[in-house]
1. I'd like to check one number: the per residue accessible area of segment 1-150, probe 1.4 Å, reported in Å² as a whole number.
2. By the gyration tensor of its Cα atoms, with a ≥ b ≥ c the square roots of the eigenvalues, what is the shape of segment 34-118: rounded for a/c under 1.5, prolate for a/b over b/c, or oblate?
3. How would Y161, Y177 rank on accessible area, largest to smallest, probe 1.4 Å?
4. Measure nothing but the geometry: give the 0 to 90° angle between the long axis through the Cα atoms of 358-374 and the longest principal axis through the Cα atoms of the chain, rounded to 10°.
5. Restricting everything to alpha-carbon atoms, can you work out Rg to Rh for segment 1-153 with a Kirkwood hydrodynamic radius?
6. Report the one residue of L73, S89, S129 whose Cα lies farthest in the direction of the positive end of the charge dipole of segment 1-139 (charges on C-beta: Lys and Arg +1, Asp and Glu -1; origin at the Cα centre).
7. Can you give the relative contact order of segment 10-123 as a percent, counting alpha carbon pairs under 8 Å and 6+ residues apart?
8. Work out the length of the dipole vector of segment 1-115 about its Cα centre, built from +1 on the beta-carbon of each Lys and Arg and -1 on the beta-carbon of each Asp and Glu, and round it to the nearest 20 debye.
Amino acid sequence: MPQARLAISVLFLLCGLNFASWATRIPDFKEFLSLSDAELGSILMGLPIGSMVSLPLAGWLIARYNSKIICLLAIVLYILILPALTFISSSLFLFVGLFSFGMAGDILNISMNTQVVSLEKLTNKKTMSSFHAIFSIGLMLGSLLGGYLVKLDVTLNQHFYMIALCNLISIIGVYRYLLIDSKNEEQENNMVEPKFKLNNYLLILSFVAFCGMLCEGAMADWISLYFKLLPNLDGYPFTIGFSSFAFSMVIGRLIGDWAAKHLSIRNILMINGLLIALGMSITVFFTQVPLLIFGCFITGLGISTIVPMIYSQAGNTKDTSPAMAIAAVSTIAYVGFMLGPVVIGFLSEYYGLKQALILLIILGLLASGISKFALNKE
């Protein structure tokens, strides 16, 4: 079991590393293709669209076959797509590249979360949040590495080929230790065709996840640009806000499993929303760089446990397979991830990036309010 846990951890680490490697290079693509904020926002939509398109496909493939082989498929896609992104020479090709990147990311997302559900059933322990912490560690390491490589003038080609090689070596090392999915009794007896199935409770959770994912997507795609536009960074790299955000996601997710034992999901999600609103208020309305970094940190704490808590709930639904339940919830949540970059881009075009980020404050308050008044006490 420790070998399986390590193998799944590597998948979460790679997922964060791959995404952060792209996110830290967004300014390069913006400059190279001479894109406006609105144009960039539209092109960035390719990644979450690819993610959303792949959600039902990933759920079906895993329910039909096994998450172990689908994890391998996702990593192979990353190995092929990352080098391909370095050859992009037009907005259309970048959109197609991001669409493919998004598909690979979410196929990995659903399959590795299904692995966690199988591990939780075998060990009878809640571990979902701690695995998402490892994703955030990958995100943080990827952002720090990306910022460092940019500072050293390492080319985009060298950077992405290095990450592709890391994927290749890692999957070769851990694939044999991944788990064969467990099935519940009802699935084994009935052998029904996998279908999306959401009750009212999970629909409410999905909408809260929608708000959280929109904020997460906006932070990932725009916060580095926001810091780059600051008049005086006081010697900090422009990726410092994103790094702070990613670091706090690690901390929040490391304590998430403990929180799940002592607090209801209703209370956890209420706190999450309030922290998002507080953190973004500090980031938007203050000017001192240390305070802005702290604001990103608080925002990350707020976003950190939304997705793992909801995925764990969905993955333990009794009347459908874990993969299909997670995919169904994720479909709604990823609409938010899809809308975040493009909405912020268009708002930034007309009102400025600082004003556009106020949307995240509103979403945090909305998520908190929905959790308080729409979710039943547990």
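The values are calculated or read from the model by the stated rules, or taken from the named source; none is laboratory data. Remember, it's a predicted structure, so these values are computed and weren't measured experimentally. Every residue, glycine among them, receives a Cβ derived from its backbone with ideal geometry; neighbour counts consider all protein chains shown. With ligands, DNA and RNA removed, areas are computed over all heavy atoms of the protein, side chains included. Shrake-Rupley method; radii C 1.70, N 1.55, O 1.52, S 1.80 Å.
1. Result: 34 Å² of accessible area for each residue.
2. prolate
3. I get Y161, Y177, largest accessible area first.
4. 30 degrees
5. Dividing the radius of gyration by the Kirkwood radius yields 1.01.
6. Positive-end residue among those listed: S129.
7. 40 percent
8. Working: 5 positive and 5 negative charges, 101 e Å.
The dipole of segment 1-115 has a size of about 480 debye.
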